[in-house]
1. Restricted to the stretch 121-168, and to residues that are surrounded by fewer than 17 Cβ atoms within 10 Å (Cβ to Cβ) and of a type in the set (Phe, Trp, Tyr), which residue is modelled with the lowest pLDDT?
2. Filter the stretch 1-40 down to residues that are assigned to a helix (DSSP H, G or I) and of a type in the set (Val, Ile, Thr) and give me whichever is nearest to residue 158 (Cα to Cα).
3. Give me the residue from the stretch 134-184 that is small (Gly, Ala, Ser) and within 11 Å of the chain's Cα centre (by Cα) and, out of that set, nearest to residue 111 (Cα to Cα).
4. Which of the numbered conditions does residue 138 fail, given that it passes all the others? Conditions: (1) assigned to a helix (DSSP H, G or I); (2) over 17 Å from residue 62 (Cβ atoms).
5. Helices (runs of 4 or more DSSP H) wholly in the stretch 176-291 with at least 2 residues that are farther than 29 Å from residue 31 by Cβ and in contact (Cβ under 8 Å) with a residue 24 or more places away in the chain - which ones?
6. Against the definition (under 22 Å from residue 64 (Cβ atoms), more than 20 Å from the chain's Cα centre (by Cα) and surrounded by fewer than 16 Cβ atoms within 10 Å (Cβ to Cβ)), how does residue 198 come out, yes or no?
7. Would a scan of the stretch 256-273 turn up a residue that is of a type in the set (Gly, Ala, Ser) and at pLDDT 95 or above?
8. Going through the stretch 41-76 one residue at a time, which ones are at pLDDT 95 or above, closer than 30 Å to residue 195 by Cβ and either touching a Pro at 6+ places or on another chain (Cβ under 9 Å) or not in a helix (DSSP H, G or I) (or both)?
Amino acid sequence: MLRKFFDKISFWLKVSRPGLWFATLWLYLMPTSGLDILGSTNFWIGLAYATFPLNFMIYGWNDINDFEIDQANPRKDSFWFGAKGSKAQLAVLWKAILFTQVITVPFLIWIIGWKMAYLYLGLLFVNYIYNHPQYGLSSRPPLEVLCQIGYLLVVPFSVWLNEVDALPWQTYAYLLLFAFQSHLIGEVMDIEPDRNSGRRTTATVIGMKYTKLLIIFIVGLEATLLITVFKEWIFGGMLVLALIWLILDLTVIFKTQIYSLSQMKLFGILSNLVALVSMIYVWYSGCLLSI
């Protein structure tokens with residue numbers, strides 16, 4: 001009995017993809033950068049929601065829709081990249097997702113007000129149009145990339161909950177580029193199982209070479225924005241180093257080869273370490289809050 005309980009908890013945690021939590025955490029923390037906010041109860045409530053409950057809903061909805069594709073994906077069945085649920089597990093997953101939202105979202109609406117309800121409806125709408133079984137945008141490139149704009153809804157959630165100043169539009173521009181880049185990197189990792197399943201993504205349509213070039217272009221825009229607009233040389237320099245790696249990856253090291261599972265796991269660990277260092281620096285310095 002106890003074993004079944006822990007197996008279920010383990011499955012739910014895999015569904016939420018802890019290896020990808022940094023995306024929502026990054027967006028949540030950004031508005032609170034440079035502020036003395038660790039003593040705020042609301043801050044910790046929002047941070048908790050931006051980890052498991054929010055990601056459990058976003059990725060769980062996707063898993064329910066992508067059963068066939070995920071079964072052939074070697075990245076799945078891990079805490080880094082997500083669960084590989086059975087039909088029986090996925091058939092009842094919506095109940096667990098609904099439960100986590102019912103016990104958290106009304107409380108957030110009570111704290112923030114009804115504008116949180118409208119924001120949450122917007123989040124549901126983006127997930128619905130992305131994951132619809134027949135007409136979902138997840139298989140309609142390049143619209144699946146554009147849908148990543150939904151992640152930016154985490155920013156006003158953080159602003160309202162923590163009662164801090166709104167971000168300048170230039171910061172939103174950087175975060176949007178970050179969301180696009182992160183999604184495309186995932187598509188590169190999944191290009192082979194997506195092709196084998198017949199799924200259309202930007203990566204499967206334009207190929208690995210041009211997808212990597214697109215990622216390089218986006219990261220180049222991010223670095224340029226940080227250095228020229230925000231005058232941020234330290235974080236901008238980190239992105240320049242990442243840009244050099246991406247160029248070497250495409251032209252010298254892996255080129256258009258499919259990454260092995262061990263390589264993808266290594267990249268996942270390293271990318272989370274880099275993301276952690278970046279988040280700590282940006283959050284501590286507040287370098288992207290003003291221009």
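The values are calculated or read from the model by the stated rules, or taken from the named source; none is laboratory data. Predicted, not measured: the structure shown is a model, and the values here were computed from it. Neighbour counts are summed over all protein chains in view; Cβ atoms, including those assigned to glycine, are modelled from backbone coordinates with ideal geometry.
1. The qualifying residue modelled with the lowest pLDDT is 135.
2. Only one residue fits best here, namely 32.
3. Only one residue tops the list, namely 150.
4. (2) is the only condition that residue 138 fails.
5. Numbers: elements: 191-197, 202-224, 233-248, 261-285.
Qualifying helices (runs of 4 or more DSSP H): 191-197, 202-224, 261-285.
6. Against the criterion (under 22 Å from residue 64 (Cβ atoms), more than 20 Å from the chain's Cα centre (by Cα) and surrounded by fewer than 16 Cβ atoms within 10 Å (Cβ to Cβ)), residue 198 qualifies.
7. Looking for residues that are of a type in the set (Gly, Ala, Ser) and at pLDDT 95 or above, one finds none in the stretch 256-273, hence no.
8. Listed by number, the list holds a single entry, 55.
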